[in-house]
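A.B. asks: Have a look at this one.
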There are 2 protein chains.
Amino acid sequence: MAEKRITSQDVANLAGVSRTTVSFVVNKNPRFSIRPETVQKVQEAARVLGYIPNATARALASRRAKAVGLVMTRDPRYIASDPFLPQILGGLLDVVKQAQLNLLTDWVEPGQQYQTYSSLIRAKHIDGMILMTPRYDDPGLKALRETDIPVVLMGMVPGCDLYSVDVENVAAARTAVRHLISLGHQRIACILNGPSPYSSACQRLQGYQQALEEAGLAYDETLVRFADFDATSGYSQMRSLLAGRPGFTAAFVASDNVALGALAAILDTGLKVPDDISLVGFDDIPMSSYIHPALTTIHMPAREIAQQSCHLLMRLIAGERPEERALTLPTELITRGSTRELGRSK
Amino acid sequence: MAEKRITSQDVANLAGVSRTTVSFVVNKNPRFSIRPETVQKVQEAARVLGYIPNATARALASRRAKAVGLVMTRDPRYIASDPFLPQILGGLLDVVKQAQLNLLTDWVEPGQQYQTYSSLIRAKHIDGMILMTPRYDDPGLKALRETDIPVVLMGMVPGCDLYSVDVENVAAARTAVRHLISLGHQRIACILNGPSPYSSACQRLQGYQQALEEAGLAYDETLVRFADFDATSGYSQMRSLLAGRPGFTAAFVASDNVALGALAAILDTGLKVPDDISLVGFDDIPMSSYIHPALTTIHMPAREIAQQSCHLLMRLIAGERPEERALTLPTELITRGSTRELGRSK
DNA sequence: CATCATTATTAACACGTGTTAATAAGTACC
DNA sequence: GGTACTTATTAACACGTGTTAATAATGATG
């Protein structure tokens, strides 16, 4: 309690130099060269006293918070069931630690988006932010575009030219559905990962439609459902699909999490995967290879997305303005046990 | 870019009062009463200008960072596969937002614990911190105890009287194993969630041993394995168990995540759950009810743990020092399809 | 030796707020 | 109308650092 805070002044006194010199040594400011023996003295004094610069004062003086924000745009209850969050966080922490930055996490209450975006930045708690899972209908995005605030979207919003890092959702979904078609399936159901305001849901639906179209298959709206990111919604949407008895032999579920729920629904109805219904997921969450049958899915490079987003954000904070505004990462189809050629049994 | 920052001075000028008055109005300082019409004037001016107080300056002046830290003590690769992180984060964000605090996330590199703990606080980036999944062998804990830094452990470390919030690991594990015993199982394998330096692993092992003892069953070390938090490790540990052909009819796996791997290993060997082997997990991750067979497990109130930890931390930051240092939350056995009475078939 | 160029160091101000101690204005009382 | 007291407001300092512009010390050059 009585621990006296040690300031740069204390270090300066002990080393017998001025506070400014200490600052130059600590920050290795290249514009001013300091005699090696002075550097030595200062570093020794800092070590002896256990000097740790006060980050707050530093932020105030340098007008740099040395922190970036991860801002989520979902209800907290979805945050709690987001299977990617750990990977994203892991990737961000990696980069952030290496760059000596801090990571602040926040979520925006629906409808208060702009308020939160702008106050986070303007209050200078952070230098820039990464927006996770942006929505089409977020009015805050347009407002952000007009400022010059460093922002990176994880996931893209069409018609919005903020910097973004995303996977090729359309192509990936098309690949997934093509795979089912190549196995002979003709009636293929589709459950999207989330509601349509989320751009990833929309794009994956597009990929589904494109694959059907190029194969000359009709698009049947009654085979399409929108889930809500979690397994529970996947379960009920699949039940709703099965209740209609539409005779589909395969399903593309645009989220592994949702797919697990869908899988449970199928098994509960007494049908088997892949014998009766082939299932393709999306995301390749760590667990996908450990369920039975192991889930065929699209690999989502979550960690890379996080890392690239962070690197991009750091460039923006440094003042760079790269030409390319949308960075798109490749995905990969992982074939496992949940898909099988139509009509072939074990 | 040219957007001029608006300071409290600007507000003061517009309202025709001093900066101090603005500060009193904004902070609703009760020690100084201000005439209602002045308050009105100031608030109006702030609204017109869109004034947002600079959090950094505020933190510096008030010597309160208005932020708490979530510090993880695992390798980043474990962070990435921690199924609880989303729930924890969701719970923390809930509380933190309500208290107008910010949440900073960080992880400590093994071996550098104390360095990071202390610099985070002393640099005043945060006012206090929550340590996730502490280890027995963390020398930083002892060092922390000697300072008066507000810290809450999520998960407890015996012999360390830092404030902590945890579940009753021993009792919960005992309940889980008792359940298996009550179903007639006598040879029960055990796979711990993580390596023994993690206290939760140790405690769950104790619970396992106690249940055996009170039922008069012998403790067989060859039936015990330590996993490494993820499904992959669960898979290999279960394979290793099965390779020995020790004839166990049930297994207690102290983590659902690990249990999923173990389940896959069992099924891959051609055995069935629960027909051949009954399985009890631990954690009740959201997915546990959606796999087949649905996992019998111990419900871990992750969200509550996070919330309670945060509340406790806030009290510590406020200067309180509650008598009770260890808060223990109850768990609950959730019986699902993965356990069955010995010898009874479907 | 005087002059200039270069290097090393520092005094002084800036960053935007919280807070104390002092002042000014207003009110009640005899 | 002066005094004591309350209320409203502010000037001035504190927080701990980054950074510029000026100064002092050193070395090189004619």
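The values are calculated or read from the model by the stated rules, or taken from the named source; none is laboratory data. These figures come from a predicted structure and were not determined experimentally. Cβ placement follows ideal geometry from the backbone for every residue including glycine, while neighbour counts extend to all protein chains displayed. Ligands, DNA and RNA are excluded from the accessible area calculation, which covers all protein heavy atoms including side chains. Shrake-Rupley method; radii C 1.70, N 1.55, O 1.52, S 1.80 Å.
A.B. asks: Using the crude model of +1 on Lys and Arg Cβ and -1 on Asp and Glu Cβ, and no other charge, please compute the dipole size for chain B relative to its Cα centre, in debye to 20.
C.D. replies: In total the dipole reaches around 1220 debye.
A.B. asks: Further question on the same structure: Binning every alpha carbon pair distance of segment B:169-300 at 5 Å from zero, what are the percents per bin?
C.D. replies: Pairs per bin, as whole percents: 2, 12, 24, 27, 23, 10, 2.
A.B. asks: Can you give the FRET efficiency to the nearest 0.05 for residue B:218 and residue A:187, using r as the Cβ-Cβ distance and R₀ = 51 Å?
C.D. replies: In this case the efficiency is close to 0.35.
A.B. asks: Taking only Cα atoms and a 10 Å spring cutoff, compute GNM fluctuations for chain B and point out the largest among B:57, B:46, B:99.
C.D. replies: So, out of B:57, B:46, B:99, the one fluctuating most is B:46.
A.B. asks: Pairs of lysines 8 or more apart, or on different chains, with alpha carbons under 15 Å: count those in chain B, would you?
C.D. replies: Here the count comes out as 4.
A.B. asks: A further question follows. Enter the accessible area per residue of segment B:1-152 (Å², integer; probe 1.4 Å; all protein chains in place).
C.D. replies: 49
A.B. asks: Could you pull the copy-to-copy label distances for residue A:272, with points set 7 Å along Cα to Cβ, in nm to one decimal and sorted shortest first?
C.D. replies: Shortest to longest, the spacings are 1.1 nm.
A.B. asks: Test of understanding: in a Gaussian network model of chain B with alpha carbons linked when under 10 Å, which of B:194, B:207, B:247 would top the mean-square fluctuation ranking?
C.D. replies: B:247
A.B. asks: Starting at the first residue of segment B:44-54, write each ³J(HN,Hα) from the Karplus equation 6.51 cos²θ - 1.76 cosθ + 1.60 with θ = phi - 60°, in whole Hz, x for Gly and Pro.
C.D. replies: 4, 4, 4, 5, 4, 7, x, 6, 10, x, 6
A.B. asks: Okay, next question. Using the Cα centre of chain B as origin and beta-carbon charges of +1 (Lys, Arg) and -1 (Asp, Glu), tell me which of B:269, B:69, B:157 is placed farthest towards the positive end of the dipole.
C.D. replies: B:69
A.B. asks: As an exercise, identify the GluC sites (Glu not before Pro) in segment B:1-47 lying in DSSP coil whose Cβ has no more than 15 other Cβ atoms within 10 Å.
C.D. replies: B:3
A.B. asks: Put +1 on the Cβ of every Lys and Arg and -1 on every Asp and Glu Cβ in segment B:8-53; which of B:25, B:51, B:12 then has its Cα farthest towards the positive end of the dipole?
C.D. replies: B:25
A.B. asks: Next question, about the same structure. Could you work out the percent of alpha carbon pairs in the protein assembly as shown separated by over 48 Å, rounded to a whole number?
C.D. replies: The calculated P(r) of the protein assembly as shown puts 23 percent of pairs beyond 48 Å.
A.B. asks: Ok, one more. Run the label-point distances for residue A:218 please: 7 Å along Cα to Cβ, every other copy, nanometres, shortest first.
C.D. replies: List, nearest first: 7.0 nm.
A.B. asks: Continuing with the same structure: Summing both sides, how much accessible area is buried between B and A? Use a 1.4 Å probe and give Å² to the nearest 100.
C.D. replies: Accessible area lost upon association: around 5100 Å².
A.B. asks: Next question. Quantify, in whole percent, the carbon and sulfur part of the accessible surface of segment A:30-176 (1.4 Å probe; protein heavy atoms only).
C.D. replies: 50
A.B. asks: With r as the distance between the Cβ atoms of residue B:35 and residue A:146 and R0 = 25 Å, compute the FRET efficiency 1/(1 + (r/R0)^6) and round to 0.05.
C.D. replies: The calculated FRET efficiency here is 0.05.
A.B. asks: Related question: On a C-alpha basis, how far is the centre of segment B:44-89 from the centre of segment B:139-160 in Å? Whole number, if you could?
C.D. replies: Value for the Cα centre distance between the two parts: 22 Å.
A.B. asks: Here's a follow-up. Give me the percent of the accessible area of segment B:217-282 that comes from carbon and sulfur atoms, probe 1.4 Å, all protein chains in place.
C.D. replies: Whole-percent figure for carbon plus sulfur exposure: 50.
A.B. asks: Right, next: Determine by what factor the alpha-carbon radius of gyration of chain A differs from 2.2 N^0.38 Å, reporting the quotient.
C.D. replies: In units of the globular-protein estimate, chain A measures up at 1.27.
A.B. asks: What share of the DSSP beta bridges in the protein assembly as shown is antiparallel, in percent to the nearest 5?
C.D. replies: Around 15 percent antiparallel, to the nearest 5.
A.B. asks: Something else now. Considering only DSSP states other than H, G, I, E and B, which GluC sites (Glu not before Pro) in segment A:234-335 qualify as loop sites with at most 16 other Cβ atoms within 10 Å?
C.D. replies: Passing sites in segment A:234-335 are A:320, A:323, A:324.
A.B. asks: Please report, in debye to the nearest 20, how large the charge dipole of segment B:8-53 is about its Cα centre when each Lys and Arg carries +1 at its beta carbon and each Asp and Glu carries -1 there.
C.D. replies: Dipole size: approximately 160 debye.
A.B. asks: Mind putting a number on the dipole of segment B:231-346 about its Cα centre? Charges go on the C-beta only, +1 for Lys and Arg and -1 for Asp and Glu, and I need it in Debye to the nearest 20.
C.D. replies: Dipole about the Cα centre, nearest 20: 280 debye.
A.B. asks: With point charges of +1 on the Cβ of Lys and Arg and -1 on the Cβ of Asp and Glu, referenced to the Cα centre of the protein assembly as shown, which listed residue (B:308, B:334, A:189) lies farthest in the positive direction of the dipole?
C.D. replies: Positive-most Cα among the choices belongs to B:308.
A.B. asks: Please work out the average accessible area per residue across segment A:169-300, using the 1.4 Å probe convention, and give it in Å².
C.D. replies: Value for segment A:169-300: 33 Å² per residue.
A.B. asks: Once every Cα of segment B:80-168 carries one equal point scatterer and solvent is ignored, give the base-10 log of I(q)/I(0) from the Debye formula at q = 0.16 Å⁻¹, two decimals.
C.D. replies: These q points yield log10 I(q)/I(0) values of -0.69.
A.B. asks: Now for a different question. Using the Karplus curve 6.51 cos²θ - 1.76 cosθ + 1.60 with θ = phi - 60°, work out ³J(HN,Hα) for each residue of segment A:326-338 in order, rounded to whole Hz, and write x for Gly and Pro.
C.D. replies: With the stated coefficients, segment A:326-338 comes to 10, 9, 10, 9, x, 10, 8, 7, 10, 8, 10, x, 7 Hz.
A.B. asks: Along Cα→Cβ at 7 Å, what distances in nm separate the residue A:62 label point from those on the other copies, shortest first?
C.D. replies: Computed spacing set for this position: 2.4 nm.
A.B. asks: With each label point set 7 Å from Cα along the Cα-Cβ vector, what nm distance links residue A:294 and residue B:5?
C.D. replies: If labels sit at residue A:294 and residue B:5, their model points lie 5.4 nm apart.
A.B. asks: While we're on this one: If you count, for every residue in B:41-53, the Cβ atoms of partner chains within 10 Å of its Cβ, what is the mean?
C.D. replies: Partner-chain Cβ atoms within 10 Å, mean over residues of B:41-53: 1.
A.B. asks: Looking at segment B:198-346, send over the antiparallel percent of its DSSP beta bridges, to the nearest 5.
C.D. replies: 40
A.B. asks: Still on this structure, I have one more. Per-residue HN-Hα couplings for segment A:86-97, Karplus 6.51 cos²θ - 1.76 cosθ + 1.60 at θ = phi - 60°, whole Hz, x for Gly and Pro?
C.D. replies: Listing the rounded values in order: x, 5, 4, 4, x, x, 5, 4, 3, 5, 4, 5 Hz.
A.B. asks: Ok, one more. Over chain A, with a Gaussian network built from C-alpha contacts below 10 Å, which listed residue (A:267, A:212, A:183) shows the highest mean-square fluctuation?
C.D. replies: Looking only at A:267, A:212, A:183, the largest GNM fluctuation is found for A:267.
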